[in-house]
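Report on the structure given below.
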Amino acid sequence: MSPEISPEISVVVPVRNEAPNVGPLVAEIAAALAGTPHEIIYVDDGSTDGTAAAVRALGNVRLLRHAASCGQSAAIVTGIRAARAPWIATLDGDGQNDPADIPRAWARARAEGMDTMVAGWRTTRKDTATKRVTSQIANRIRAGLLGDATPDTGCGLKVFPRDLFLTLPPFDHMHRFLPALVIRAGGRVVSEPVGHRPRLRGVSNYGTLDRLAVGVVDLLGMIWLQRRWKRPRLLPDDPAPS
């Protein structure tokens with residue numbers, strides 16, 4: 001995209017050790033948003049492989065680098081704070097999210113309004129049976145305790161206004177609870193069915209047990225956060241004196 005043209009949407013991709021996936025995913029994002037002013041922001045969260053070099057080689061991608069790994073949520077926050085567009089789309093950097101779903105999710109987000117997040121819903125997961133089952137259980141428990149009415153909070157593909165995200169409190173692993181955080185802030189969340197693909201290159205940065213361990217602690221913290229805030233309800237203006 002020409003630097004003179006303001007982007008309408010910023011695609012933020014947090015990555016760690018995803019060098020083989022950079023080129024193919026960027027090409028798909030560019031194809032999906034062809035004709036639309038956009039920017040692609042890669043946030044390298046302390047990679048130890050050639051991820052940064054792979055991004056630099058493309059020339060049409062903004063690269064931000066963490067000196068040390070701070071986690072996926074921190075990478076997302078870094079990218080969104082640096083974004084220049086009023087709309088944000090996030091994608092996982094492993095290639096399992098399909099960038100072709102971005103335009104449809106973005107169109108729905110614009111139709112729903114500036115207080116709405118569109119969360120991708122991977123109706124057909126292309127993961128191992130263990131990962132699918134554990135995710136289903138975790139989603140049901142989380143939805144029951146937090147009331148976020150979102151069937152798949154773990155999908156990396158989300159579209160939302162940048163200003164809406166910037167009202168949310170940043171913390172480690174917040175990306176797992178974005179729907180609940182948006183609702184807590186007075187916004188709305190709608191789910192949009194999206195595609196999901198098997199990982200073709202590289203190795204996952206997450207295991208089942210480590211996700212479970214941090215998930216329990218984070219869920220308790222999120223419950224506390226919800227209970228520590230009462231959203232004010234404004235009364236209508238008083239009628240003008242006659």
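The values are calculated or read from the model by the stated rules, or taken from the named source; none is laboratory data. The structure presented is a predicted model; accordingly, all values stated were derived computationally and were not measured. Counting neighbours? That spans all protein chains shown, and the Cβs are built from the backbone with ideal geometry, glycine included. Areas reflect the complete protein model, heavy atoms only, side chains present, ligands, DNA and RNA absent. Shrake-Rupley method; radii C 1.70, N 1.55, O 1.52, S 1.80 Å.
Using amide H atoms built 1.01 Å from N in the peptide plane, name the residues 5+ places from D92, or on other chains, whose amide H lies under 5 Å from its own.
N97, G156, L157
Amide H to amide H, which residues 5 or more places from R188 or on other chains are under 5 Å from it, using H placed in the peptide plane?
T116, M117
Could you report region 152-204's accessible area per residue, 1.4 Å probe, as an integer in Å²?
Values: 2010 Å² over 53 residues.
Per residue, region 152-204 has an accessible area of 38 Å².
Given a 1.4 angstrom probe, what's the average accessible area per residue across region 1-138, in square angstrom? Mind showing how you got there, number by number?
On the way: 5800 Å² over 138 residues.
Counting only protein heavy atoms, the per-residue value for region 1-138 is 42 Å².
Would you tell me the accessible area of R142, worked out with a 1.4 angstrom probe on the heavy atoms of the protein chains, in Å² to the nearest 10?
Here the residue's solvent-accessible area equals roughly 10 Å².
Which order do F171, F160 take by accessible area at a 1.4 Å probe, largest first?
Working: F171 65, F160 0 Å².
Listed by decreasing accessible area, they come as F171, F160.
Looking only at the chain, where both bridge partners belong to it, what percent of the DSSP beta bridges are antiparallel (to the nearest 5)?
Counting DSSP beta bridges with both partners in the chain, the antiparallel share is about 25 percent.
In debye to the nearest 20, how big a dipole does region 24-86 give about its Cα centre with +1 on each Lys and Arg Cβ and -1 on each Asp and Glu Cβ?
Working: 5 positive and 5 negative charges, 47 e Å.
Roughly 220 debye for region 24-86.
Given the convex hull over the Cα atoms of the chain, what projected area results after averaging over all orientations, in nm²? Present the calculation step by step, with values, prior to reporting the outcome.
On the way: hull surface 62.4 nm².
Its Cα hull, projected and averaged over all orientations, spans 15.6 nm².
Within the chain, what whole-number % of the accessible surface is contributed by carbon and sulfur, with the 1.4 Å probe and all protein chains included in the calculation? Don't jump to the answer; show the numbers that get you there.
Values: 7010 of 12180 Å².
Carbon and sulfur together cover 58 percent of it.
I'd like the Karplus ³J(HN,Hα) series for region 185-191: coefficients 6.51, -1.76, 1.60, θ = phi - 60°, whole numbers in Hz, and an x wherever there's a Gly or Pro.
Computed from phi, the couplings for region 185-191 are 7, x, x, 10, 10, 10, 9 Hz.
Which whole-number percentage describes the relative contact order of the chain, with Cα contacts under 8 Å and a sequence gap of 6 or more?
Working: 415 pairs, mean separation 53.3, N = 242.
With pairs under 8 Å counted, the relative contact order is 22 percent.
Considering every Cα-Cα pair within region 1-58, what fraction, in whole percent, is farther apart than 20 Å?
Values: 431 of 1653 pairs.
So the pairs more than 20 Å apart make up 26 percent of the total in region 1-58.
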